[in-house]
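Here is the structure we will look at, set down as structure tokens.
The values are calculated or read from the model by the stated rules, or taken from the named source; none is laboratory data. As the structure is a prediction and not an experimental result, all values here were calculated from the model. Counting neighbours? That spans all protein chains shown, and the Cβs are built from the backbone with ideal geometry, glycine included.
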Amino acid sequence: MKMDTASLTINMKSLSHGINKERFELSLKEIDWNMDNIEPGDNQAFIDLEVNLEDRGIICQGILEAVFVMPCARCLKKVSFPITEEIYRVYSWDDSISDDLDSETVILGGGFSILDAVRESIILSIPGKLLCTPDCRGISYI
């Protein structure tokens, strides 16, 4: 399985029919995350991917291990938080399958990007109120 790690696009021609497994090392700063107030903390991350190429579509699942940074909810100081989050998405060239919220339509034979699925996992893993310390007193005390 081959993936462009800057765009998180998997080359469909590199997949064999059935289950394809691979561990990819990502350079997080090369990826255009397009997320407000969230940025990579470490440059290095890993994604363990299992891509199942079937007759009517592709089931893509995996685990992302990374560190991201965002502002403290009280004082706005940058706080890093680790992520170990599951990724899941179904890709299909059959429109009847693609009506599901967790599926996307792809063109058979090209490539498909898992960036949206990875981005969603990151956003869903953000703590509700990220604080630099449990007793952070806020901006007025800096």
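Quick notes on this structure:
- You will find that of LEU76, LEU53, the residue that is crowded, with 17+ Cβ neighbours inside 10 Å, among the aliphatic types (A, V, I, L, M) and either more than 15 Å from the chain's Cα centre (by Cα) or closer than 16 Å to ALA117 by Cα (or both) is LEU53 and no other.
- Scanning the stretch 37-92 for residues that are among the charged types (D, E, K, R) and in a strand (DSSP E or B) yields a total of 8.
- Contact map, the stretch 76-105: residues that are farther than 19 Å from LEU53 by Cα paired with residues that are hydroxyl-bearing (Ser, Thr, Tyr) and at pLDDT 60 or above, Cβ distance under 6 Å, separation 6+ or inter-chain. Pairs shown: ILE83/SER125; GLU85/SER121; GLU85/SER125.
- Each residue in the stretch 11-36 was checked for being of a type in the set (Ser, Thr, Tyr) and either touching a Phe, Trp or Tyr at 6+ places or on another chain (Cβ under 8 Å) or not in a loop (DSSP other than H, G, I, E, B) (or both), and 2 pass.
- In the stretch 42-55, of all residues being touching a strand residue (DSSP E or B) at 6+ places or on another chain (Cβ under 6 Å) and at pLDDT below 90, the one that is nearest to ILE10 (Cα to Cα) corresponds to ASN43.
- Within the stretch 117-130, the set of residues being surrounded by 15 or more Cβ atoms within 10 Å (Cβ to Cβ) and part of a loop (DSSP other than H, G, I, E, B) comprises ILE126, LEU130.
- Taking (1) more than 14 Å from THR9 (Cα to Cα); (2) modelled with pLDDT of 90 or more; (3) assigned to a helix (DSSP H, G or I) in turn, SER140 satisfies each apart from (2).
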